[in-house]
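The structure appears right after this line, and notes come after that.
The values are calculated or read from the model by the stated rules, or taken from the named source; none is laboratory data. Remember, it's a predicted structure, so these values are computed and weren't measured experimentally. Backbone-built Cβ (ideal geometry, glycine too); neighbour counts: all protein chains shown.
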Amino acid sequence: EVQLVQSGAEVKKPGESLKISCKGSGYIFSSYWIGWVRQMPGKGLEWMGIMYPGDSDSRYSPSFQGQVTISADKSISTAYLQWSSLKASDTAMYYCARSLYSSGWYFGYWGQGTLVTVSS
Amino acid sequence: DIQMTQSPSSLSASVGDRVTITCRASQDISNYLAWYQQKPGKVPKLLIHAASTLQSGVPSRFSGSGSGTDFTLTISSLQPEDVATYYCQNYNSAPFIFGPGTKVDIK
């Protein structure tokens, strides 16, 4: 069974760094695209970026390019979303999601979400 | 970048009604279009990919159509459990953005 298990909720202050994780199981981690989606409180889904762990090929939304870093550690089947300096506007739920098939950039499997709260 | 729009932004319909949601891409995306359902407080769920291919386990009252720039998601007979926000997504060319969503509730 494919599962994506995300790290727990975080409360951080503006300017702090953060790395949240998404551990995949039940499939060959390096063979499927894995992406991140932001959902701010009461708002819609925002596509942030996607990475192919097999060769680290990645694509970012222009809205998030330079603001976050998507990475993966194939050895532990885990993807990451990282900020170097958080802002209050980063407060949101963040979902990781996996492509349904090894090709195709739509998401067939989703993590449970990680709530990030940034507040002074 | 390709922009995605959806209409209406919200709708209210009766149980058993036929509901249609429209998604429009700013450029031709062929059939590289997915639809997702997000129930309140829940994780999004894939309903349809390749514009019209129903994901395994999704009730047959859901259907998708369209190609190029204009797409529709249809619920043939609205059920109470269909209360959700529905999003389309372009996956033809990056960034693979979502539409703004259509909120569906029961009248």
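Filtering A:TYR52, A:TYR94, A:TYR106, A:TYR60 for residues that are within 14 Å of chain B (Cβ to nearest Cβ), of a type outside the set (Gly, Ala, Ser) and over 13 Å from the mean Cα position of the chain (by Cα) leaves a single hit, A:TYR106. B:ALA94 meets each of the listed conditions (1) more than 9 Å from chain A (Cβ to nearest Cβ); (2) at pLDDT below 95 apart from (1). When B:THR69 is tested against (1) over 16 Å from B:PHE96 (Cα atoms); (2) touching a strand residue (DSSP E or B) at 6+ places or on another chain (Cβ under 9 Å), exactly one condition is not met: (1). Do we find a residue being within 12 Å of chain B (Cβ to nearest Cβ), touching a strand residue (DSSP E or B) at 6+ places or on another chain (Cβ under 8 Å) and modelled with pLDDT of 95 or more anywhere in the stretch A:8-19? No, because not a single residue in the stretch A:8-19 is within 12 Å of chain B (Cβ to nearest Cβ), touching a strand residue (DSSP E or B) at 6+ places or on another chain (Cβ under 8 Å) and modelled with pLDDT of 95 or more.
Of the strands (runs of 3 or more DSSP E) contained entirely in the stretch B:4-107, those carrying at least 3 residues that are surrounded by 21 or more Cβ atoms within 10 Å (Cβ to Cβ) fall at B:19-25, B:33-38, B:45-49, B:70-75, B:84-90. The number of residues in the stretch B:1-56 being among the charged types (D, E, K, R), more than 16 Å from the chain's Cα centre (by Cα) and within 15 Å of B:ASP82 (Cβ to Cβ) comes to 2. Applying the selection to the stretch B:69-87, what residues are hydrophobic (A, V, I, L, M, F, W, C) and either at the interface with chain A (Cβ under 9 Å from one of its Cβ atoms) or farther than 16 Å from A:GLN39 by Cβ (or both)? Result: B:PHE71, B:LEU73, B:ILE75, B:LEU78, B:VAL83. When we screen A:TYR101, A:TYR109 for residues that are modelled with pLDDT under 95 and either assigned to a strand (DSSP E or B) or among the hydroxyl-bearing types (Ser, Thr, Tyr) (or both), the only hit is A:TYR101. Scanning the stretch A:21-42 for residues being more than 19 Å from B:ASN90 (Cβ to Cβ) and either buried (at least 21 other Cβ atoms within 10 Å of the Cβ) or charged (D, E, K, R) (or both) gives a total of 5.
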